[in-house]
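See structure below.
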Amino acid sequence: MGAPAAGLFTSTRVAHPPTHPSRLAAHAVLLGLEPANADGARILEIGCGSGANLLPMAAAMPSARLLGIDTSERDIRAGRAALEDLGLRNLDLRHATLTDVAWNDVSDGTGFDYVIADGVYSNLASADRGLFAQRIASLLSPHGVAFVSYRCYPGAYAGQALREACLLHAGFLEDVEQRAEESQSLLRLLACQPEASWLRPECGRLLALSTAEFGREELGEHTSASYFFQFARHALQHGLQFLAESSFGGSSLFGLPRDAAERLEGLIADNPLAVEQYLDLLRMRRVRETLLCRADVFVDRQARLGRVEALWAASSARRIDRLPQDPDNSTAYALADGSRLAVVDSRLCATLDTLAGSWPHPVRIRNIDCDRKALLDLHGAGFVDLQAWAPSIFGLSDRPSVPQWIRWQAAQGCDLTNAYHCAVRIDDSFTRSLLSLLDGTRDSNALERALGRPVGDALREVAQFALLGG
């Protein structure tokens with residue numbers, strides 16, 4: 001792998017929920033694999049940056065062993081400083097490339113159970129992508145799961161057109177930051193042109209990036225996309241096979257027009273990869289988050305409903321008022337991020353209500369009376385989270401506490417990572433001050449004396465964000 005491949009672009013600045021081993025393991029269980037559990041799991045992240053994705057994992061999974069590699073010395077130094085602050089000894093952050101990683105790196109010679117490569121593949125030269133896939137295949141344990149995100153067509157064509165326009169406009173500039181600044185100036189101009197209205201959403205996405213992120217992630221020498229079938233074929237050539245998309249919504253027919261769903265349904269058993277490609281075309285998908293496993297492992301796609309019993313489910317959905325455009329006989333639900341869903345099927349409503357009543361705690365699926373197919377449909381819609389093991393979450397108590405890493409994040413002023421590995425942004429200075437005091441040694445009276453005002457509402461908010469824990 002040459003010099004370009006050594007530049008493992010840092011894309012993970014905050015925790016990325018789909019990469020958590022508990023979610024990866026849930027997919028593997030549903031497809032007949034026997035993935036490693038939290039105890040002793042071996043995890044590798046390629047292009048880890050400063051470890052923002054791995055640090056909360058390491059803290060929440062003390063018996064797991066984790067390795068993060070990146071070619072940014074600055075980011076690795078920052079990550080190691082955080083490791084020292086948190087006293088974590090089960091995570092190793094290295095300034096290294098993928099070719100420097102061996103089987104016996106935290107894996108006792110049996111391979112890594114989970115490999116994460118978020119935002120790396122599309123920035124590699126074509127020749128290096130083969131070695132990248134080959135190395136992952138050689139490092140995976142027999143039932144290991146790899147998470148690989150990449151840009152895909154047809155949705156990436158808009159970004160490709162803008163990238164080429166930016167390079168035409170400013171590609172001659174040698175200074176990367178100046179090239180990015182000039183390129184973003186062009187994007188602002190293009191976003192105002194009626195003739196370029198089809199590019200406006202992509203212009204908005206690119207302009208929301210910082211200058212450094214834009215230059216690194218969009219103007220890289222080898223940045224390019226591929227069709228899903230090309231990616232899957234390339235992976236198979238190097239010893240890996242398609243397992244699933246990180247969200248069942250990516251592979252689900254849920255939400256498609258009936259005629260399109262009926263046409264694709266007949267293909268699922270015979271050619272699931274063709275269905276994946278057609279879904280990309282129908283949804284104009286721009287980015288894929290694909291899960292891979294070794295090519296010599298049998299993947300059973302026929303018995304998902306029976307295996308869902310072993311998993312845990314959670315949902316923070318709450319009932320809201322219907323909008324005028326919602327069906328008359330529907331019930332509307334919303335998530336904290338603003339996502340909403342109008343549900344007509346009473347089975348889906350009953351399932352959501354059951355899980356919402358337990359939030360923020362997860363529920364063992366075998367212990368609840370719900371429609372299993374409805375559960376998978378809701379997961380596909382993004383309204384139910386499925387995990388292979390339950391995260392550790394506390395309820396409100398006399399002496400409330402949050403994990404050490406959350407108190408550290410609050411002190412740093414960065415986004416918080418909750419028990420579901422989701423980024424939580426709390427800008428309120430009072431709540432952040434409260435979080436720094438939640439070490440389990442103070443009751444509500446002591447907290448109110450320290451902060452000078454009641455803490456009840458803020459504590460309930462912290463609990464609803466699934467931040468309480470030991």
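The values are calculated or read from the model by the stated rules, or taken from the named source; none is laboratory data. Keep in mind it's a predicted model, so treat the numbers as computed, not measured. Ideal geometry is used to build each Cβ from the backbone, glycine not excepted, and the neighbour counts take in all protein chains shown.
Quick notes on this one:
- Residues being of a type in the set (Phe, Trp, Tyr) and either without any contact (Cβ under 8 Å) to a residue 60 or more places away in the chain or more than 30 Å from Thr19 (Cβ to Cβ) (or both) - total across segment 422-470: 1
- Of all positions in segment 365-375, none carries a residue that is part of a loop (DSSP other than H, G, I, E, B) and within 28 Å of Ala64 (Cα to Cα).
- Among the residues of segment 412-422, some residue qualifies, meaning at least one is in contact with a helix residue (DSSP H, G or I) (Cβ under 7 Å, 6 or more places away or on another chain) and more than 22 Å from Ala334 (Cβ to Cβ).
- Among residues of segment 154-181 that are closer than 15 Å to Glu217 by Cα, those with a Cβ under 6 angstrom from a residue that is of a type in the set (Lys, Arg), sequence gap 6+ or separate chain, pair up as Ala156/Arg286.
- Scanning segment 304-325 for residues that are over 20 Å from Trp389 (Cα atoms) and exposed (fewer than 12 other Cβ atoms within 10 Å of the Cβ) yields Asp321, Leu323, Pro324, Gln325.
- Any helices (runs of 4 or more DSSP H) falling wholly within segment 10-128 and containing at least 1 residues that are surrounded by 18 or more Cβ atoms within 10 Å (Cβ to Cβ) and free of Cβ contacts under 8 Å to residues at least 40 places away in the same chain: 54-60, 73-86
- So Leu98, is it closer than 28 Å to Ala313 by Cβ, touching a Lys or Arg at 6+ places or on another chain (Cβ under 9 Å) and modelled with pLDDT under 95: no
- Considering only residues in segment 182-229 that are without any contact (Cβ under 8 Å) to a residue 12 or more places away in the chain and of a type in the set (Gly, Ala, Ser), the one that is nearest to Gly47 (Cα to Cα) turns out to be Ser210.
- Candidate set: segment 409-432, residues that are in a loop (DSSP other than H, G, I, E, B) and among the small types (Gly, Ala, Ser); chosen: the one surrounded by the fewest Cβ atoms within 10 Å (Cβ to Cβ): Gly413
- Considering residues of segment 141-160 that are of a type outside the set (A, V, I, L, M, F, W, C) and outside any strand (DSSP E or B) only, the residue surrounded by the most Cβ atoms within 10 Å (Cβ to Cβ): Gly159
- Output for segment 376-399, where each listed residue is over 17 Å from Phe465 (Cα atoms), assigned to a loop (DSSP other than H, G, I, E, B) and modelled with pLDDT of 90 or more: Ala388, Trp389, Asp398, Arg399
- For segment 341-358, the count of residues that are polar (S, T, N, Q) and assigned to a loop (DSSP other than H, G, I, E, B) is zero.
- Residue in segment 360-369 that is in contact with a helix residue (DSSP H, G or I) (Cβ under 7 Å, 6 or more places away or on another chain), more than 26 Å from Thr431 (Cα to Cα), at pLDDT below 90 and not small (Gly, Ala, Ser) present: yes
- Total residues in segment 1-25, condition modelled with pLDDT of 95 or more and either over 15 Å from Gly119 (Cα atoms) or among the aromatic types (Phe, Trp, Tyr) (or both): 6
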